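Quick notes on the structure that follows.
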Amino acid sequence: MPTMSEKILAKASGKESVEAGDIIIANIDIAMTHDLTGPLSVQSFEKIGAEKVWDPSKIVIPFDHQVPADSIDSANNHILMRKFVKEQGIENFYDVNAGVCHQILPEKGHVVPGNVIVGADSHTCTHGALGAFATGIGSTDMAMVFAEGNLWFKVPETNRFNITGKLQDNVYAKDVILHIIGMMGADGSTYKACEFAGNTVSDMSVSDRMVLCNMAIEMGGKTGLVEPDQKTIDYVEKRSNKPYEIFKTDLDSDSLNIIDIDVDDLEPQVACPHNVDNVKPVSEVDVEIDQVFLGSCTNGRISDLRDAARILKGNRIAENTRMLVIPASREVYSMALDEGLIKIFVDAGALVSAPCCGPCLGGHTGIIGPGEVSLSTSNRNFKGRQGSPDGKVYLSSAAVAAASAIEGRIVAPE
Amino acid sequence: MKGTAWKFGNDIDTDIIVPGRYLIYTDEETLASHCMEGLDADFDRKCKKGDFIVAGTNFGCGSSREHAPIALKGVGVSAVIAESFARIFYRNATNVGVPLLEAPGITKIIENGDEIEVDMDEGIITASNGEKIEFKKLPPFMLEILNQGGLIEYLKNKR
């Protein structure tokens, strides 16, 4: 009996059924590239000698990594991509004022259950939170998709994380996924679909499920997935008119490996330098921090901003620490303004920036210098990820980030 | 193929291969000049055309940036030989024409700076002391793509 990945890929490849290990060619429902991987995709597309993209309504291009342009080289990349958008009649283009690609795609209704989604960005696995099969690809593969509308895949086996228990106060989806990655290791799910199930996941909001799926790649996963339920349907129907189809995993599938995780007693977690699988409970980490970054496709959503604001309200950020708050999209920014969250951040001494990827990949703003320590709600703490290779990056939830900003050192929220 | 082996550890991520701040560039020469700079700032000057990278498990983990295999191609790496590879990087490297050879046990027999020989047809790597190790031979279609310098050249030549 098939897993949901097998069912989605069977449908997309026009077959009755497919099995893990099969090589198939799947039709693509949405192809996404952004301002940083886009130029290579466009160059490859032109080298192939293709003239027109297969379907301009199925390509989504958000600018998010270098926005607004911070150098002439970035501006040139933007010019190249805007020209491509215009020439090809790409219908879903989001310029510098929109937000982070993995927030824009679900928020603007481009992702629905049962879709096959590819993105020239490794965190494309985020979109499996809505029951789609979504995976990151490179620029040459993206050029092939632009030209043909399909791509070859090896059908993956599935690691299904059966997560049960009630999360304690101040413990969030981010703590759950860091705990799982610490347990599995950075290559513990290589080439596997990572499904997140169990009553803890059922209790989670769609945003929380995106946090889980977003980080599937950090254990090598090909995609993250959550079976759609009423919460998924409510989220999708509010945002999209696209037809959708719900697929679920048959638990007797041969290609399924079920891993039970009990989170009743889980403490807030931190990933320590320089690997995402170097995970410890916050209580075992005592480190002074120079910079806190609240944002990114992992934890820049409105619920994250609310969690942080609740802790920061009426407090000041520690003297030797700076905090950067970057809402994941204009919609999130606008809600945060309406709810008074932005004022709480500014009054606490934080810098609030326009939606973008920010310091997450160390290419744009909020770069750290040699010897500096960053605590970040993003997804990667690789050596040099946020700037100097002699800096250090720790990863945590929004709540730990906010509590730590007040203390100037990594602490759990009380 | 013969060349010097440059040895790295486990979980060499794409931020190490090309840091994020250089992704605004797409040309091979610029990307090559920053290859592996987080671990070895002089790597682009040390690595000669035809040399090999030897690494542990999960080589190429992290982002989908194709800039990473382009940089390796630019410094002249003729193949990356590792205990295992991350998934997106595997596809990208093949697409741009950098062979990836999976050879479990390789880090035990090769030291940094060793002169090694790789026999692509037989699937055998020979260390400088004569010790041999097998790698998983690449399927013919993949060799064809690599021999022509990547997927795009392969498709253009097929037309």
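The values are calculated or read from the model by the stated rules, or taken from the named source; none is laboratory data. Here the structure is a predicted model, which is why all the values come from computation and not from measurement. For neighbour counting, all protein chains shown are included, and Cβ atoms are generated from backbone atoms with ideal geometry for every residue, glycine included. We work out accessible area using only protein heavy atoms, side chains counted, and drop any ligands, DNA or RNA first. Shrake-Rupley method; radii C 1.70, N 1.55, O 1.52, S 1.80 Å.
Observations
- Taking each residue of the range A:329-346 that is in the same structural domain as A:Leu312 (by TED's automatic domain parsing) and under 18 Å from A:Ala98 (Cα atoms) and looking for partners that are hydroxyl-bearing (Ser, Thr, Tyr) and surrounded by 13 or more Cβ atoms within 10 Å (Cβ to Cβ) with beta-carbon atoms closer than 8 Å, six or more apart or interchain, yields A:Ile342/A:Tyr333.
- Residue check, A:Gly14 free of Cβ contacts under 8 Å to residues at least 60 places away in the same chain, among the small types (Gly, Ala, Ser) and in contact with a strand residue (DSSP E or B) (Cβ under 9 Å, 6 or more places away or on another chain): yes
- Note on the range B:40-74: residues that are more than 9 Å from every other protein chain (Cβ to nearest Cβ) and part of a strand (DSSP E or B) total 5.
- All positions within the range A:193-211 that are within 14 Å of chain B (Cβ to nearest Cβ) and touching a Ser or Thr at 6+ places or on another chain (Cβ under 6 Å): A:Ala193
- Hits in the range A:121-164 (condition: under 13 Å from the mean Cα position of the chain (by Cα) and either of a type outside the set (Val, Ile, Thr) or more than 14 Å from every other protein chain (Cβ to nearest Cβ) (or both)): A:Asp121, A:Ser122, A:His123, A:Cys125, A:His127, A:Gly128, A:Ala129, A:Leu130, A:Ala134, A:Gly136
- For the range A:224-260, the set of residues classified as open to solvent by less than 30 Å² (accessible area, probe 1.4 Å) and under 18 Å from A:Gln103 (Cβ atoms) consists of A:Gly224, A:Val226, A:Thr232, A:Val236, A:Ser240, listed by residue number.
- Scanning the range A:387-394 for any residue that is within 18 Å of B:His34 (Cβ to Cβ), at pLDDT 95 or above, in a loop (DSSP other than H, G, I, E, B) and open to solvent by less than 10 Å² (accessible area, probe 1.4 Å) turns up at least one such residue.
- The criterion of at least 1 residues that are touching a Pro at 6+ places or on another chain (Cβ under 8 Å), open to solvent by 10 Å² or more (accessible area, probe 1.4 Å) and in contact (Cβ under 8 Å) with a residue 24 or more places away in the chain is met, among strands (runs of 3 or more DSSP E) falling completely within the range A:80-198, by A:92-94.
- Any hit, the range A:19-33, residues being out of contact with any strand residue (DSSP E or B) (no Cβ under 7 Å at 6 or more places or on another chain), buried (at least 22 other Cβ atoms within 10 Å of the Cβ) and within 14 Å of chain B (Cβ to nearest Cβ): no
- Looking only at the range A:310-325, and only at residues there that are among the hydrophobic types (A, V, I, L, M, F, W, C) and over 10 Å from A:Ala350 (Cβ atoms), the one that is surrounded by the fewest Cβ atoms within 10 Å (Cβ to Cβ): A:Ala318
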